[in-house]
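The values are calculated or read from the model by the stated rules, or taken from the named source; none is laboratory data. Quick caveat, the model's predicted, so the values are computed rather than measured. With ideal geometry, Cβ positions are generated from the backbone for all residues, glycine too; neighbour counts draw on all protein chains shown. For accessibility, only protein heavy atoms count, side chains too; no ligands or nucleic acids. Shrake-Rupley method; radii C 1.70, N 1.55, O 1.52, S 1.80 Å.
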Amino acid sequence: GGRDGFLVKVGCGASDTKLKATNTVLCSAADSVTVTLEPSPATLRWEDGDSTAVRVIRTPGTYRVQYTIGNGCSYTDSIVVTQGTYPTGTLVPSDTVTLCDSDGVLLTVTSGSNIDRIRWSNGDINRDTTLRVRAPGRYSATLFSPQGCTIETDTVTVVGSIGLAAGTSLALSFTGADSAKM
C-alpha cells in the first residue's frame, strides 16, 4: 500500500521587472539615455559588473543585465544604444517673404546632408526638400537623419502681397501721371 505522489516543478514565467527604456540613438556627445530596471529586482548585475538599477548611458553599445527576482528566477534583458548623426540643412528664403501671386513661394532646404525625410510644418512628410507655399503663415521643417536624429530649421514667415488681412478694402485714387495714393 504505497501512496502515489506527484512532483510539481514551478517554472519561471514572464517577469514583471522590465527595462524602462527602448533601443536608443545618441546624436551628439552630450546625449545620454537613462535606463531603469523596475521594479527593482532582488539582485542584478550588468555585464560591466555594475549592480545599480538605474544607469545613465553615454556611449553606444549593447547593455545586458542579468537579474533575479524574489522567487529565485533569473532573467536577462538588454538595450542597444547606437550612434547617430544630426542632419543638416538651411531653409531658404529666410526671415519674411511676400506672397505675390497664385504660384506661391518655394521654400527649400539647402546645404542639406544626412537627411532621410522632412516633416514640414504644414504636416507634409516626405523626402522632398522643397515646399510650395500658397498661404500666409509661419513655416519650418524638421529634418530626420536615417538613424532618427532630428533638428528643426529656422522659421520663414510668409505674408500676403500687401500685408493686409483678407477682406480689407483699399481706397485708391489717381492724382496724376506716375502717382497713386492710398
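Some observations on this one:
- Residue tally, condition under 18 Å from Glu152 (Cβ atoms) and more than 23 Å from the chain's Cα centre (by Cα), over segment 128-140: 2
- Qualifying residues in segment 98-121 (those that are more than 22 Å from Thr88 (Cβ to Cβ), modelled with pLDDT of 90 or more and not small (Gly, Ala, Ser)) - the one nearest to the chain's Cα centre (by Cα): Val105
- Looking across segment 100-127, the residues that are farther than 18 Å from Thr157 by Cβ and in contact with a Lys or Arg (Cβ under 9 Å, 6 or more places away or on another chain) come down to Ser102, Asp103, Ile115, Asp116, Arg117, Ile118, Ile125, Asn126, Arg127.
- All strands (runs of 3 or more DSSP E) inside segment 63-158 with 1 or more residues being among the β-branched types (Val, Ile, Thr): 74-83, 88-92, 96-98, 105-113, 117-120, 130-133, 141-144, 150-152
- Residue satisfying all of: in segment 50-63; out of contact with any Leu (no Cβ under 8 Å at 6 or more places or on another chain) and more than 17 Å from Glu38 (Cβ to Cβ); surrounded by the most Cβ atoms within 10 Å (Cβ to Cβ) among these: Gly61
- Where Val35 falls short, out of the listed (1) closer than 21 Å to Pro146 by Cβ; (2) open to solvent by less than 30 Å² (accessible area, probe 1.4 Å); (3) free of Cβ contacts under 8 Å to residues at least 60 places away in the same chain: (1)
- Search result, residues across segment 89-113 that are among the β-branched types (Val, Ile, Thr) and open to solvent by less than 60 Å² (accessible area, probe 1.4 Å): Val92, Val97, Val105, Thr108, Val109, Thr110
- Residue, least open to solvent (accessible area, probe 1.4 Å), within segment 1-32, restricted to residues that are in a loop (DSSP other than H, G, I, E, B), modelled with pLDDT of 80 or more and not small (Gly, Ala, Ser): Thr17
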